[in-house]
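Everything on this sheet refers to the single structure shown next.
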Amino acid sequence: QVQLVESGGGSVQAGGSLRLTCVASGLGYSSYCMGWFRQVSGKKREGVAVIDTTDYPTYGDSVKGRFTISQDNAKNTLDLQMNNLNLEDTATYFCAAREFDTYCSGGLEGDFGYWGQGTQVIVSS
């Protein structure tokens, strides 16, 4: 069974940085598009970034130039380096996996089938 576990969330001041990590297990030998999403309570989920099997990344407009998504297949980890955080980045961040999607064909709007439990990020002024 697929399991995704996020860590690294916390509270930071605006302008600061955080690095989130997702540890994946049970993925087997299938190809996956991996991604980070975020959600504020009562609001729609927002795609932050996705990365395909060739390490090609796609970012949401609001995080371009500030966030970097990366993966280490040997360690089965997915990271999100978040720099220059602002108040609008406050949310619960989720790691997700989309099976049989070698090139993240759905981009940030793809139908991801596997999700982690989330890790909270709070940015204060």
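Relative contact order for the stretch 47-116: what is it in percent, counting Cα pairs under 8 Å that are at least 6 residues apart?
32 percent
Across the stretch 55-99, the residues whose backbone nitrogen lies under 18 Å from the label position 7 Å along the beta-carbon direction of ARG45 are 58-61, 78-80, 90-99.
Relative contact order for the chain: what is it in percent, counting Cα pairs under 8 Å that are at least 6 residues apart?
Numbers: 319 pairs, mean separation 45.3, N = 125.
Normalised by residue count, the contact order of the chain is 36 percent.
Taking the Cα centre of the chain as origin and assigning +1 to Lys and Arg Cβ atoms and -1 to Asp and Glu Cβ atoms, the resulting dipole is close to 300 debye. For the stretch 34-107, the Cβ-based charge dipole about the Cα centre amounts to some 260 debye (Lys, Arg positive; Asp, Glu negative; other atoms uncharged).
Write out the trypsin sites (Lys or Arg not before Pro) in the stretch 24-61 meeting two conditions: DSSP loop, and at most 11 other Cβ atoms within 10 Å of their Cβ.
LYS43, LYS44
Going by average Cβ neighbours within 10 Å, how do the peptides 105-114, 27-36 rank, with the highest at the top? Present the calculation step by step, with values, prior to reporting the outcome.
Values: 105-114: 14.2, 27-36: 18.5.
So the order, starting with the most tightly packed, is 27-36, 105-114.
Cα centroids of the stretch 63-125 and the stretch 15-57: how far apart, whole angstrom? Rounded to whole Å, the Cα centres lie 3 Å apart. Extension gain, LEU87 to VAL5: 0.36 nm times the residue separation minus the Cα-Cα distance gives 27.1 nm.
Of all aspartates and glutamates in the structure, the ones whose alpha carbon falls short of 17 Å from that of LYS43, not counting any fewer than 8 places away in one chain, are GLU88, ASP89, GLU109.
Shown here: the stretch 27-112, whose C-alpha atoms stretch 39, 25, 19 Å along the first, second and third principal axes, sorted largest to smallest. Working note: Karplus 6.51/-1.76/1.60 with θ = phi - 60° gives the stretch 102-109 the couplings 4, 10, 6, 4, x, x, 6, 9 Hz, where Gly and Pro are set to x. Heavy-atom accessible surface of the stretch 6-59, averaged per residue, reaches 53 Å², computed with a 1.4 Å probe.
Selection among THR53, TYR103, TRP115 by position relative to the dipole of the chain gives TRP115 as farthest towards the positive end (Cβ unit charges, Cα centre).
The values are calculated or read from the model by the stated rules, or taken from the named source; none is laboratory data. All values derive from a computational prediction rather than experimental measurement. Every residue, glycine among them, receives a Cβ derived from its backbone with ideal geometry; neighbour counts consider all protein chains shown. Keep in mind that these areas ignore ligands, DNA and RNA; they rest on the heavy atoms of the full protein, side chains included. Shrake-Rupley method; radii C 1.70, N 1.55, O 1.52, S 1.80 Å.
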